[in-house]
Amino acid sequence: MTDIRTPDLAAVKPRTTQRSRGERVFGAFNATFLVLLCLGMLYPFITVLAQSFSSSGAIKAGQVNFLPVDFNVDTYAIVMSDGIFWRNYGNTVLYTVVGTIIAMVLTTTYAFVLSKPHLKGRKVLIGIAVFTMFFNGGLVPNYVLISALGMKNTMWALVLPGAISVFNLLVMKAFFENLPKELEEAAQIDGLGWYGIFGRIVLPLSKAVIATMVLFYSVAFWNDWFAAFLYLDKSELFPITLYLRNLIAGASTTASEGAAAAGSTTAQVSANIQAVTMILTVIPILTIYPFVQRYFVSGVMLGSVKG
C-alpha cells in the first residue's frame with residue numbers, strides 16, 4: 001500500500017513577490033501625482049467653502065485660502081431668509097426630478113429598441129440619433145420652435161429639449177446588447193412579451209448603468225441655467241443656477257436688499273454672498289453622489305465596451 005503523507009502546511013511558506021526598484025519608484029510617483037491632482041481639483045471648492053464662512057474684508061484682502069478668516073454665518077442667514085432663493089431652489093429640484101424621469105424613460109426604451117439587431121429600420125433610427133450629435137437647428141430656430149409650441153415660461157422648455165442625450169443613449173444601447181440573449185429567450189418561452197422582458201428582466205439587470213445615467217442626467221439638469229436664461233422671463237420660475245448666475249453677473253440685487261434689511265450694507269456681503277450661494281447650490285449633488293458612485297465606473301465600463 002502506497003504511503004500517502006499529508007504535507008505539513010505550516011512548513012509551506014507563501015512566496016512573497018518583491019517589487020523591483022522601478023515599480024516602487026513608479027508607485028511613489030503615481031501616488032504623489034494623484035494626491036497633488038486631487039488637491040488641485042479640491043482647492044477651488046475648499047477656497048469657496050472657506051470664503052462662505054469668512055468676512056468680506058478678509059476675502060477682499062486675499063487672506064482666505066483653506067481656512068475661514070473672521071468666521072461668521074451671517075451671510076448664510078441672509079441668503080436662507082430670502083424667499084426667492086428657496087422658491088428657485090424648489091424649482092431646480094422639480095425640474096431635475098421631472099427631467100431625469102422623462103430622460104430615463106425615453107433613453108432606456110429607445111436604447112432597448114436599438115439593441116435588437118432584427119429590428120427593421122434600426123440603422124435609420126441610430127443614424128437619426130447620431131446625426132443630432134453633430135448638427136442642430138441653432139439657437140434662433142430653437143427659440144422660435146419653443147415659443148411656437150407654447151412652452152416658453154414653462155417647465156417643459158427646460159426638460160423636453162434635453163430629454164435624450166445621444167451619448168447616454170449609445171452607452172445604454174451597448175450595455176443592453178451585452179446582456180445574455182438566453183435570458184430573453186427563456187422569458188419568451190415562459191410567455192413574457194417584450195414589455196415584460198424589458199420591465200422584469202432587462203431593467204433589474206441594468207441597475208449599474210441606470211444609476212450612472214441618472215447621475216449624468218440629474219447633474220446636467222441641475223447645472224443647466226442657459227435654457228432658463230433663454231426661455232424664462234419670470235423670476236419666480238428661475239432655477240437656482242440662474243439665480244446664482246444673476247448674482248455673479250450683478251443682475252440680481254435680491255440678496256443685497258435682504259442684507260440691507262438685516263442692517264448690513266451691500267459692500268459687507270457682496271464679497272462672500274456668491275460663495276454662500278455656490279455652496280448651497282452644490283450641496284444636493286454632493287449628497288447624492290456618494291450613493292451612486294459605486295455604480296459609476298462599472299456602469300460606464302459595462303456600457304461602453306462590447307465584447
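The values are calculated or read from the model by the stated rules, or taken from the named source; none is laboratory data. Not measured: the values here are computed from a predicted model. In this analysis, Cβ positions are derived from the backbone assuming ideal geometry, glycine residues included, and neighbour counts consider all displayed protein chains.
Structure notes:
For every residue, the table says whether it meets (1) more than 30 Å from S235 (Cβ to Cβ); (2) part of a helix (DSSP H, G or I); (3) assigned by TED's automatic domain parsing to the domain that holds P180.
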residue	(1), (2), (3)
V97	no, yes, yes
A103	no, yes, yes
T107	yes, yes, yes
G137	no, no, yes
S147	no, yes, yes
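- Selected residue [in a loop (DSSP other than H, G, I, E, B) and in the same structural domain as L94 (by TED's automatic domain parsing)] from N168, N153, N142: N153
- Within the span defined as the stretch 48-65, every residue fails to be without any contact (Cβ under 8 Å) to a residue 12 or more places away in the chain, hydroxyl-bearing (S, T, Y) and out of contact with any helix residue (DSSP H, G or I) (no Cβ under 6 Å at 6 or more places or on another chain).
- Residue in the stretch 222-237 that is farther than 19 Å from G99 by Cα and in contact with a helix residue (DSSP H, G or I) (Cβ under 7 Å, 6 or more places away or on another chain) present: yes
- Matching entry among I248, I240, I201 (being touching an Asp or Glu at 6+ places or on another chain (Cβ under 7 Å) and either on the phi < 0 side of the Ramachandran plot or without any contact (Cβ under 8 Å) to a residue 60 or more places away in the chain (or both)): I201
- Residue satisfying all of: in the stretch 215-226; surrounded by 20 or more Cβ atoms within 10 Å (Cβ to Cβ) and not aromatic (F, W, Y); farthest from Y89 (Cα to Cα) among these: L215
- Count of residues meeting criterion [of a type in the set (F, W, Y) and not in a helix (DSSP H, G or I)] in the stretch 226-240: 1
- Test for S206: is it closer than 30 Å to P284 by Cβ and part of a helix (DSSP H, G or I): yes
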